[in-house]
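What follows is a single structure, written as structure tokens, with notes after it.
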Amino acid sequence: MTLPRLAHALETGALELPKDARLVFLEPTDEFDVSDFDVGDIEVQQNDKPSFDRFEQIGARVAVHVDGPADFVHVSLPRSRDLARGLIAQANDIAKGGVVLVDGAKTDGIDATLKAVKARTDIVGQLSKAHGKLFWFTASDAFADWTLAAPAPVKEGWITQPGVFSADGPDAGSKALVDALPASLKGDGADLGGGWGFLTKFLLALPKVAHVDLVEADHRALSCAKCNLDDPRVSFHWADATVWGAAASLDWVVSNPPFHTSRTPDASIGQAFITSAARLLKPKGQLIIVANRHLPYETTLADSFVQVQELDGDTRFKILHAEQPKSRDRAMRRKRR
Ligand SMILES: C[S@@+](CC[C@H](N)C(=O)[O-])C[C@H]1O[C@@H](n2cnc3c(N)ncnc32)[C@H](O)[C@@H]1O
């Protein structure tokens, strides 16, 4: 059993799952393993593409949205409070008279969530383990007003949704990157980790840019990007940028790469974006990224490109420009998804 708190609840008998129970897992963490459960029917909702692919590989039935019905719905608490509430409202809807389980780390706000849920319904069981809590209660319609808001305009008219990166409006790092974009950028390129479309909007405004592939793992963010970018020169890809393959080699890649995997700070994801960009580019192609100043990307850039320079920056951010990917076998290693 891999979800440690749920495992503990089942092992100690605090919670029992009948063999014919229908289970739904809403956006579980990567600890989830379908083979841990000896029950009739399991469905998984997953919004994040790399996790979606991983769960599918281990034999889970996965969808971007699950309607149920189910007897037990397990919610893995995300960091965003509004998204967490949205998933809890959805779980109550799906479970209808069944059981909703909410499972999360202290650092993701499980204590505040427990308090807010307790104010609306009786908690049937709870336990603490692995720096977090699992609690459960009978599903009801007491959470209907927590339903996740649809994509809607925020600052400057940008359309976003709770839970996506920089949901309140443009990110300061991305703004710094936009200010440094060379007007000479031309041809076909990609915005890796394009989020809800901020960078792509400015890329399309450059006079010589012909086409942008916006590659994004967060399905909700990609839906927002489609609302923000009504332009035939964009292709939208719900994909893992570290393995995504373009239809043809690209002239340029621009990115504000992620700096955490799941909930943990992790520079290796940004480094994987850099090696992926090198694989996707033409021999004379160029990569422009923005990063928080402390992030260690220079070695990966030097390993992957002939020329690397800092285009712009301040004490908080650096804009890095790399040209001529070193990979000789780009075409062979180009992966198509
Ligand atoms: C720092 S944010 C930048 C978002 C957007 N470009 C902007 O400027 O607002 C990084 C983005 O990468 C996405 N992301 C994380 N891991 C990814 C992956 N493996 N493949 C594609 N996108 C990913 C995140 O969901 C997030 O939207």
Calculate how many DSSP beta bridges within the stretch 152-333 are antiparallel, expressed in % of all such bridges and rounded to the nearest 5. 45
Relative contact order, percent, the chain [alpha-carbon distance under 8 Å, six or more residues apart]: 12
Cα axis of helix 219-228 to longest principal axis of the chain: angle in degrees, 0 to 90, nearest 10? 50
Extension gain Lys106-Thr147, at 0.36 nm per residue separation less the Cα-Cα distance, in nm? 12.5 nm
Per the C-alpha gyration tensor (a ≥ b ≥ c, the square roots of its eigenvalues), the stretch 1-153 is rounded if a/c is under 1.5, else prolate if a/b beats b/c, else oblate; here it's rounded
When the helix-only estimate is applied to the chain (DSSP H runs of n ≥ 4, each -39,500 (n - 2.57), divided by the residue count), what is the mean residue ellipticity at 222 nm, nearest 500 deg cm²/dmol? -8000 deg cm²/dmol
How high is the relative contact order of the stretch 152-333, given as a whole-number percent (alpha carbon pairs under 8 Å, six or more residues apart)? 19
For Lys326, which lysines qualify as cross-link partners when the Cα separation must be under 20 Å and same-chain residues fewer than eight apart are set aside? Lys282, Lys284, Lys335
Long-range amide H partners of Ser235 with built H, under 5 Å: Val212, Asp213, Leu214
By the gyration tensor of its Cα atoms, with a ≥ b ≥ c the square roots of the eigenvalues, what is the shape of the stretch 79-153: rounded for a/c under 1.5, prolate for a/b over b/c, or oblate? oblate
Once Ala116 and His294 are pulled to full extension, the length gained, defined as 0.36 nm per residue separation minus their Cα-Cα distance, is 60.4 nm
Volume per residue (Å³) of the convex hull spanned by the alpha carbons of the chain is 140
Per DSSP, loop trypsin sites (Lys or Arg not before Pro) in the stretch 1-79 with at most 15 further Cβ within 10 Å: Lys19, Arg79
Degrees, to the nearest 10: 267-280 long Cα axis against longest axis of the chain: 50
Apply the Karplus parameterisation 6.51 cos²θ - 1.76 cosθ + 1.60, with θ equal to phi minus 60°, to every residue of the stretch 38-51 and state each ³J(HN,Hα) to the nearest whole Hz, in sequence, with x for glycine and proline. 9, 10, x, 8, 10, 10, 10, 9, 9, 9, 9, 5, x, 5
Mind checking which of Trp146, Phe259, Phe25 is farthest towards the positive end of the chain's charge dipole, using Cβ charges of +1 (Lys, Arg) and -1 (Asp, Glu) about the Cα centre? Phe259
Give me, ordered by chain and number, the residues 5 or more places off Gly245 or on other chains with an amide H under 5 Å from its own placed amide H. Arg337
Per-residue ³J(HN,Hα) for the stretch 110-126, Karplus 6.51 cos²θ - 1.76 cosθ + 1.60, θ = phi - 60°, Hz, x for Gly and Pro: 5, 5, 5, 5, 4, 4, 5, 5, 4, 5, 10, 7, 7, 7, 7, x, 7
How large is the charge dipole for the chain, taken about the Cα centre, if only the Cβ atoms of Lys, Arg (+1) and Asp, Glu (-1) carry charge, to the nearest 20 debye? 920
Ascending count of other beta-carbon atoms within 10 Å, so fewest first, for Val254, Val99: Val99, Val254
Can you check what the net charge comes to around Arg220, using other residues whose Cβ is under 12 Å from the Cβ of Arg220 (Lys, Arg +1; Asp, Glu -1)? -3
Under Stokes-Einstein, the stretch 158-203 at 4 °C and 1.567 mPa s, with its Kirkwood radius over C-alpha pairs, diffuses with a coefficient in µm²/s of 112
Built amide H within the under 5 Å cut-off of Gly313, gap 5+: Ile319
Ordered by residue, what ³J(HN,Hα) values in Hz, to whole numbers, does the stretch 297-314 give under the Karplus form 6.51 cos²θ - 1.76 cosθ + 1.60, where θ = phi - 60° and Gly and Pro are x? 9, 4, 5, 4, 5, 5, 6, 9, 10, 6, 10, 9, 8, 8, 7, 6, x, 8
Pairs from Lys155/Lys318; Lys115/Lys175; Lys106/Lys155; Lys19/Lys118; Lys186/Lys226 whose Cα-Cα separation, in the structure shown, is over 27 Å: Lys115/Lys175; Lys106/Lys155; Lys19/Lys118
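Throughout, read-outs are computed from the coordinates displayed, never taken from laboratory work. From a predicted model like this one, the values you see are computed outputs, not experimental measurements. Here the Cβ is made from the backbone with ideal geometry for all residues, glycine too, and neighbour counts use every protein chain on show.
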